[in-house]
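Right, one structure below, let's go through it.
The values are calculated or read from the model by the stated rules, or taken from the named source; none is laboratory data. This structure is a prediction, so every number in the text was calculated from the model and none was measured. Positions of Cβ are backbone-derived with ideal geometry, glycine not excepted, and every protein chain shown enters the neighbour counts.
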Amino acid sequence: MRKIVASVLVALFVALVPQAASADPVRDRQYWLNDYGFTKAWEQSQGAGIKVAVIDTGIDASHPALEGAVVGGTDVSGLGTPDGLTPVGQNSYHGTMVASLIAGRGNPEDDGAGILGTAPKAQLLSVSMAFGVEGVDTDSQIAEGIIWAVDNGARVINLSLTRNSVSWPPSWDEAFLYAFENDVVIVAAVGNRLDGTEEVSAPATIPGVIAVAGVDKNANASELSSTSGFTIGVTAPSEELVAAYPGGEYRIWSGTSGAAPIVSGMVALIRSLYPEMDAANVVNRVIQSATKDGFENYSSTYGYGLIDAQAALNLELPKVNENPLGSLSEWIRLYRKQAPEEANPGEIVTPFDTPVTEIVGPDGFEQSLWLPLAGYAGVGLLATFLYLAFRPKAKGPRSHKRK
């Protein structure tokens, strides 16, 4: 009897869920687009003409949400294809998920469906690197990837990764300086406590980098999908994020790996609207437009505050002459000789929580949509009534399995 009732409930979910807010369970879950001012910001800028480099595990550019988004790429791992479009290494899906949060194009067959990135008209450069592969030095991959991205026109570089160490290797000095000297904005995830990052770690500790921490759907600091420290630039959503997954799928995930590309997209909006604005003033616009709730000036949990895309495009600010998040060249001059040598060079992890829930369209609604069960109490009562009323004939629809 329990199996039959469960089957009735599944059938009712199929019928009722698509009729909720809209017919697309993917687009409905992108709460940050409205809550953080992106839909209003798009009236002024959608990131057109701006190249954003995603230095990650590679991008599956065949995903419908990324159709036409990737305009170039390379592989620095020695394991992928020259165009950077073959996902490689451990958790190879990671780069595709990150990319979709920056420049997802939605669903080419339905304007109201699919993933929209925060800069839906930005262009992506895919730099594939490998995490967790024995004998492959991730430090050198990062350095090589940054230099390639700069040389190939990136105006923004996204790094959804961490060393789980506040320090970084000397090889990064040259690469990051090269980016800063060429007027490139770098955005990095701070890491997650759930993945063992108890404090902000490099590259989010490098002066001049926009380090992104995470909050939940209610804009409260995330306990597991973020961390704290005094180099945080701004905070963005890091929980219950939906993103594109290789093979044309969609997944829900959490982590500052998702918060960083949300901010990278916002940077692309600014750079597209103000093409002559230098990187220092773009960074200043990001942090000065952030909203503060419950603190003044600066917080080791929220940095300068929660991002606000619309305010970032419209706030009137005096011009600055230096990056307000610090100078790497000055840090090198003062501290590089005193910096401790790395005990375990080259060990980098991607700061994210493993995706746990798959999202599919209404026509193939075989997976859980991770919705609160309390909201379906009435459905449960109805299912019970139907079972009791029709049990002499009822065989129950075939139940669906989770993949």
Which residue is farthest from the chain's Cα centre (by Cα), if the candidates are limited to the stretch 101-110 and must be crowded, with 18+ Cβ neighbours inside 10 Å and over 21 Å from residue 159 (Cβ atoms)?
107
Give me the residue from the stretch 111-122 that is at pLDDT 95 or above and either out of contact with any helix residue (DSSP H, G or I) (no Cβ under 7 Å at 6 or more places or on another chain) or among the β-branched types (Val, Ile, Thr) (or both) and, out of that set, surrounded by the most Cβ atoms within 10 Å (Cβ to Cβ).
118
Could you list all residues from the stretch 307-341 that are in contact (Cβ under 8 Å) with a residue 60 or more places away in the chain, under 26 Å from residue 167 (Cα atoms) and of a type in the set (A, V, I, L, M)?
325, 328, 332, 339
Would you confirm whether any residue within the stretch 79-89 is over 25 Å from residue 310 (Cα atoms), crowded, with 22+ Cβ neighbours inside 10 Å and out of contact with any Asp or Glu (no Cβ under 8 Å at 6 or more places or on another chain)?
yes
Could you please give the count of residues in the stretch 270-279 that are touching a helix residue (DSSP H, G or I) at 6+ places or on another chain (Cβ under 9 Å) and surrounded by fewer than 20 Cβ atoms within 10 Å (Cβ to Cβ)?
3
Out of the residues in the stretch 296-332 that are loosely packed, with under 12 Cβ neighbours inside 10 Å and modelled with pLDDT under 95, which is farthest from residue 218 (Cα to Cα)?
297
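Yes/no matrix, rows are residues, columns are (1) outside the structural domain of residue 145 (by TED's automatic domain parsing); (2) in a loop (DSSP other than H, G, I, E, B); (3) of a type in the set (A, V, I, L, M):
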site	(1), (2), (3)
43	no, yes, no
59	no, yes, yes
62	no, yes, no
73	no, no, no
79	no, yes, yes
87	no, yes, no
90	no, yes, no
96	no, no, no
Scan (1) touching a residue at least 40 places away in the same chain (Cβ under 8 Å); (2) out of contact with any Lys or Arg (no Cβ under 6 Å at 6 or more places or on another chain); (3) not basic (Lys, Arg) for the single condition residue 113 breaks and write down its number.
(2)
Looking at residue 267, is it closer than 29 Å to residue 170 by Cα, of a type in the set (A, V, I, L, M, F, W, C) and either crowded, with 22+ Cβ neighbours inside 10 Å or not assigned by TED's automatic domain parsing to the domain that holds residue 33 (or both)?
yes
Given the structure, is residue 100 polar (S, T, N, Q) and in contact with a helix residue (DSSP H, G or I) (Cβ under 8 Å, 6 or more places away or on another chain)?
yes
